[in-house]
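Nothing in this text is a laboratory measurement; each read-out follows from the coordinates by a stated rule. Bear in mind that the values here come from a model prediction, so they are computed numbers and not experimental data. Positions of Cβ are generated from backbone atoms using ideal geometry, with glycine treated the same way; all protein chains shown enter the neighbour counts.
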């Protein structure tokens with residue numbers, strides 16, 4: 001693929017990777033079903049330093065820095081006798097200092113595509129072990145109304161719908177040790193203003209697997225080791241395959257602290273261990289402040 005085509009694809013790859021990350025990545029304890037009538041406000045901050053751009057496993061010198069904030073509003077209720085939590089996710093932020101092979105691309109800032117979602121707990125057993133035992137399904141819909149300019153190589157919005165179905169299983173193991181397993185399948189609408197602004201980007205379904213091994217130190221502190229793998233998601237532009245997919249592996253470490261009875265602070269460090277296509281995140285810092293009311 002010629003380098004100028006890579007520049008055109010930064011829009012799809014960069015915005016997709018960022019949106020994909022904060023849309024469906026899970027913090028430890030996220031699938032604890034809270035009582036009916038509970039409201040939760042969550043604010044996320046994510047800082048990422050990315051080094052190296054990969055295409056079909058081959059690395060090109062590249063850098064990019066991003067700062068992303070996310071506001072998330074959740075309400076727990078019962079729907080047809082099943083615990084559910086309708087919610088809205090509003091991401092915003094900036095991507096800057098992006099260069100590939102010495103070519104500097106535009107900075108981008110503003111709102112990304114919002115997401116509407118709700119989990120549905122088919123198993124809800126908070127009394128089981130320290131972690132509780134839960135099984136839930138969460139459909140998420142990404143709405144293409146974020147900041148997008150077809151003339152820019154880097155955007156926060158994607159100009160396409162995305163449909164994600166996430167399955168979650170939380171299982172107590174022994175004592176304060178628990179296991180969390182998550183599996184996603186994501187379907188993509190087309191972006192009809194991709195490439196030179198008049199081309200159509202299509203993408204095959206992609207998948208993500210996440211695992212957290214958690215340990216509840218006490219009633220107010222928790223740690224977790226995590227692993228995530230993305231795969232699938234082959235892209236094509238006007239029907240021509242681009243040798244770009246979502247294959248990536250990542251390790252995580254998370255610490256959570258209850259600041260008081262209603263407020264929790266989470267700190268998570270992440271690092272990509274293998275990237276097939278797109279930017280590689282050498283180190284990422286994710287902070288989350290959660291308030292229950």
Over the alpha-carbon set of segment 135-255, work out the extent along each principal axis and list the three values in angstrom, largest first. 57, 25, 24
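Hey, what's the Kirkwood Rh for segment 27-140 if you take every pair of different alpha carbons, in angstrom?
16.9 Å
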With only alpha-carbon atoms in the gyration tensor, what are the semi-axes of the equivalent ellipsoid for segment 121-191, in Å, largest first? 37, 12, 9
Give me Rg over Rh for the chain, both radii from the alpha carbons and Rh done the Kirkwood way, two decimal places. 0.97
Efficiency of FRET between residue 274 and residue 104 - r from beta-carbon atoms, R0 30 angstrom, step 0.05: 0.65
Provide the three semi-axes, in whole Å and in decreasing order, of the ellipsoid equivalent to segment 176-245 as defined by the square roots of 5 times the Cα gyration tensor eigenvalues. 39, 11, 9
Quick one: among 239, 81, 178, which has the greatest mean-square fluctuation in a GNM of the chain with alpha-carbon springs under 10 angstrom? 81
Taking the Cβ-Cβ separation of residue 60 and residue 198 as r and a Förster radius of 30 Å, what is the calculated FRET efficiency to the nearest 0.05? 0.70
Roughly what angle does helix 3-24 make with the longest principal axis of the chain, taking Cα atoms, 0 to 90 degrees, to the nearest 10? 10 degrees
